[in-house]
1. Being open to solvent by 90 Å² or more (accessible area, probe 1.4 Å), without any contact (Cβ under 8 Å) to a residue 60 or more places away in the chain and over 28 Å from Pro82 (Cα atoms): is that true of His35 here?
2. Can we say Ser59 is of a type in the set (Gly, Ala, Ser), open to solvent by less than 40 Å² (accessible area, probe 1.4 Å) and at pLDDT 95 or above?
3. I'm told Ile21 meets every condition in (1) within 18 Å of Leu79 (Cα to Cα); (2) in a helix (DSSP H, G or I) except one. Can you identify the failing condition by its number?
4. Taking Phe87 as the residue in question, decide whether it is open to solvent by 100 Å² or more (accessible area, probe 1.4 Å) and either at pLDDT 90 or above or part of a strand (DSSP E or B) (or both).
5. Quick check, is Asp27 at pLDDT 90 or above and touching a strand residue (DSSP E or B) at 6+ places or on another chain (Cβ under 8 Å)?
6. Would you tally the residues in region 62-84 being exposed (fewer than 11 other Cβ atoms within 10 Å of the Cβ) and modelled with pLDDT of 60 or more?
7. Residues being touching a Ser or Thr at 6+ places or on another chain (Cβ under 6 Å) and within 11 Å of Thr75 (Cβ to Cβ): count how many of those fall in region 44-60.
8. Identify the single condition in (1) of a type in the set (S, T, N, Q); (2) at pLDDT 95 or above; (3) assigned to a loop (DSSP other than H, G, I, E, B) that Ser42 does not satisfy, given that it satisfies every other one.
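The values are calculated or read from the model by the stated rules, or taken from the named source; none is laboratory data. Note that the coordinates shown come from a computational prediction; the quantities given were computed from them, not determined experimentally. Positions of Cβ are generated from backbone atoms using ideal geometry, with glycine treated the same way; all protein chains shown enter the neighbour counts. SASA here: full protein model, heavy atoms, side chains in, ligands and nucleic acids out. Shrake-Rupley method; radii C 1.70, N 1.55, O 1.52, S 1.80 Å.
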Amino acid sequence: MRDGFAEISVRDTGSGIPEAIQSRIFDPFFTTKPHGTGLGLSIVYAIMQAHGGKVEVRSIKQGPLRGDAAEPAGTRILLSLPLSAAFPTEVLAPDERG
């Protein structure tokens, strides 16, 4: 956990994301599925950037040993958002049109 950030971590136990495509997973319309638009992760990335946040992806094909057990394969997505506003907010005057 990083000071000043709220973090959400999501993990699956699938086969992981192949290294050859990891750099493309946030590209609009990129997908490996026969159905779908390939917009999900690109939208997540854009929203996080707009709010001063970050998205980190860690894909594990076959986990390294941790103690007595190997870390299971899968993908972990970490969303980090600043606890304070990343950008100054504007105070809007009430509508004076009457």
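1. yes
2. When the stated conditions are applied, Ser59 does not pass them.
3. Unmet condition: (1).
4. Judged against the criteria, Phe87 is not a match.
5. no
6. Residues in region 62-84 being exposed (fewer than 11 other Cβ atoms within 10 Å of the Cβ) and modelled with pLDDT of 60 or more: 4 in total.
7. The total comes to 1.
8. Here Ser42 clears every test but (3).
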